[in-house]
Each structure stands twice: as structure tokens, then as C-alpha cells.
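Working notes, structure below.
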Amino acid sequence: MKIDQVSDSVYVVAGTNVNWALVSDGSGVTVIDAGYPADSADVLDSVTQIGHQLADIAAVLITHAHLDHIGGVPALVERAGMPVYTGAEEVRHAKREYLQQISPVGMIKQLPTRRGRRWLAHTMRAIYGHIGMTLPTAATGEPATLAALPGGLVAIPSPGHTTGHTAYFMPADGVLFSGDALVTGHPLVEHTGPQVLPTVFNHDEARTRTTAADLAAQPVRLLVPGHGEPLRVEGDALADGLRRAGVSR
Ligand SMILES: [Zn+2]
């Protein structure tokens with residue numbers, strides 16, 4: 001785990017090939033995403049390492065219910081009993097009323113490359129024993145509730161990677177927590193900078209691309225993605241970077 005303080009109130013934590021974020025306003029913490037199941041202990045540790053107790057966590061926000069973003073939630077809820085919020089549609093995904101994730105065939109297709117084999121080995125280790133996990137307490141994050149959390153957040157529906165994918169924007173500082181709707185890198189990809197994830201991960205590729213372009217049009221000053229490094233943004237740098245990666249409206 002690597003903790004990177006990127007603003008007065010925002011910490012980005014790099015776990016197993018995935019990021020989660022902590023927003024601290026002094027009195028409390030909002031946790032955004034929660035790593036793989038194998039990152040659970042690090043998710044708890046990251047909160048104490050920035051000087052908070054688990055009881056300070058006001059809520060956990062989930063961008064989408066993939067195993068690399070929800071893994072630490074059961075440990076957090078068990079220890080501190082905080083609410084878990086995501087978008088209304090993603091609540092259904094979090095309860096596994098349906099499942100939109102990379103297929104076993106999609107995973108096996110990564111075996112021919114060295115990057116793919118390394119990613120697959122990390123992934124299998126990070127999800128081992130927890131493939132069937134769900135988030136039974138997930139609820140819809142209503143606008144007034146999210147606005148009152150540390151960070152004062154706004155949910156942005158960002159369909160494509162999953163139908164209910166939800167990004168979170170912190171208007172006060174222009175911070176966009178983009179989850180997997182807009183990333184800056186991935187172990188399967190050599191290129192870094194604004195991009196969408198490889199097609200194999202996206203439930204709806206066309207919507208993933210239009211959503212990424214829409215997010216890039218927001219007044220973002222700091223991008224905190226689910227995968228890759230956080231990125232300071234000036235002017236149209238996000239849209240320009242995406243265009244260079246072949247993504248535009
Ligand atoms: Zn992810």
C-alpha cells in the first residue's frame with residue numbers, strides 16, 4: 001500500500017493494482033472504494049495512518065461493485081458499521097441481482113502476454129476465497145446525504161464500465177473520483193495518461209467512451225482514478241489526453 005496526500009483533504013491509496021481514496025475534513029472521513037478482498041487490512045490501516053479512527057468514517061462510497069473496488073467493505077462495516085452508498089442502479093449490481101464483470105474467457109485471453117499473466121496472478125491471489133461476495137447493506141447515495149459527507153460530494157452517473165457506475169465529484173476542490181469510468185493506467189496497458197480501460201473490462205464499450213468524454217468535460221482540477229496515478233489537470237488536458245488515447249465523443 002502507498003498513501004499519497006494529493007490535497008489538503010484528499011488521500012489516494014494504491015493497493016493491489018487499484019486505488020481507493022480517503023477524504024478527511026478533520027472531523028470525519030469519507031472512504032471512496034475499498035480495494036480487493038486481499039486489501040482489506042490495508043484499507044483499515046490507511047484510515048488510521050492518516051490520523052483517524054475507524055469510528056470517524058461517515059460512509060463508504062462505491063463507484064461500482066467489482067471485486068477490486070468493494071473488497072474491503074465487509075471488514076469496514078463489521079468494524080465500524082458505517083453506511084455504504086453507491087448509485088441507485090449499482091445498488092442492484094452490489095446485491096448481485098445481476099453481474100457485469102470480465103468473464104473467465106476474458107481472463108484466460110490475457111495469458112499469452114507477460115503483462116496479462118502477471119495481472120491474472122495478482123488478481124487471482126487478491127480475490128481468492130471471495131469471488132461470490134456481495135454488499136447486502138448497499139443503499140442509494142441521495143444528493144443531500146452525499147453533500148453532507150466529509151468532502152461534500154456529488155454523484156455523477158457514469159454508465160458503461162458497469163451500467164450503474166457512479167463517479168463522485170468534490171466541487172469545492174474540483175476533485176473527480178472517476179473509478180473505472182476514466183483511468184490513467186492499468187497493468188495490462190503500457191500507455192499512461194487519461195484513457196478508458198481495455199474493452200474486455202467494459203460492459204458497454206460505446207457508453208464507456210462517451211461517458212469518459214463527458215467526465216473530461218467537467219471542471220476537473222484533480223483526477224483520482226480507480227487505476228493509474230492521480231493526475232493534476234489544467235484546462236482541456238483531460239479531453240486532449242483522452243483524444244490522444246483514441247477516445248472522444
Ligand atoms: Zn477496477
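The values are calculated or read from the model by the stated rules, or taken from the named source; none is laboratory data. If you're wondering where the values come from, they're calculated on a predicted model, not measured in any experiment. So basically every Cβ, Gly included, is an ideal-geometry build from the backbone, and we count neighbours across all protein chains shown.
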Based on this model, can you work out whether G28 counts as surrounded by 19 or more Cβ atoms within 10 Å (Cβ to Cβ), closer than 24 Å to A139 by Cα and small (G, A, S)? no
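Would you check if R92 is at pLDDT 95 or above, of a type outside the set (A, V, I, L, M, F, W, C) and surrounded by fewer than 22 Cβ atoms within 10 Å (Cβ to Cβ)? Give the derivation first.
Details: at pLDDT 95 or above: yes; of a type outside the set (A, V, I, L, M, F, W, C): yes; surrounded by fewer than 22 Cβ atoms within 10 Å (Cβ to Cβ): yes.
Yes.
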What are the residue pairs meeting all of these: first residue in the stretch 190-206, first residue more than 12 Å from L238 (Cα to Cα), second residue within 12 Å of the ligand (Cβ to nearest atom) and of a type in the set (S, T, Y), Cβ atoms under 8 Å, and 6 or more apart or on different chains? H203/T162
Among (1) assigned to a loop (DSSP other than H, G, I, E, B); (2) over 13 Å from G226 (Cα atoms); (3) within 14 Å of the ligand (Cβ to nearest atom), where does A34 come up short? (2)
Among (1) at pLDDT below 95; (2) in a loop (DSSP other than H, G, I, E, B); (3) within 21 Å of the chain's Cα centre (by Cα), where does W119 come up short? (2)
Report yes if some residue within the stretch 84-93 is closer than 20 Å to A38 by Cα, within 16 Å of the chain's Cα centre (by Cα) and in contact (Cβ under 8 Å) with a residue 24 or more places away in the chain; otherwise report no. yes
Over the stretch 47-83, the set of residues surrounded by 22 or more Cβ atoms within 10 Å (Cβ to Cβ) and either without any contact (Cβ under 8 Å) to a residue 60 or more places away in the chain or of a type in the set (S, T, Y) (or both) is V47, I57, V60, T63, G72
So which strands (runs of 3 or more DSSP E) are wholly in the stretch 149-215 and hold at least 3 residues that are more than 21 Å from D240 (Cα to Cα)? 154-157, 166-170
Residues of the stretch 214-227 being of a type outside the set (A, V, I, L, M, F, W, C) and buried (at least 22 other Cβ atoms within 10 Å of the Cβ), in sequence order, are P225, G226, H227
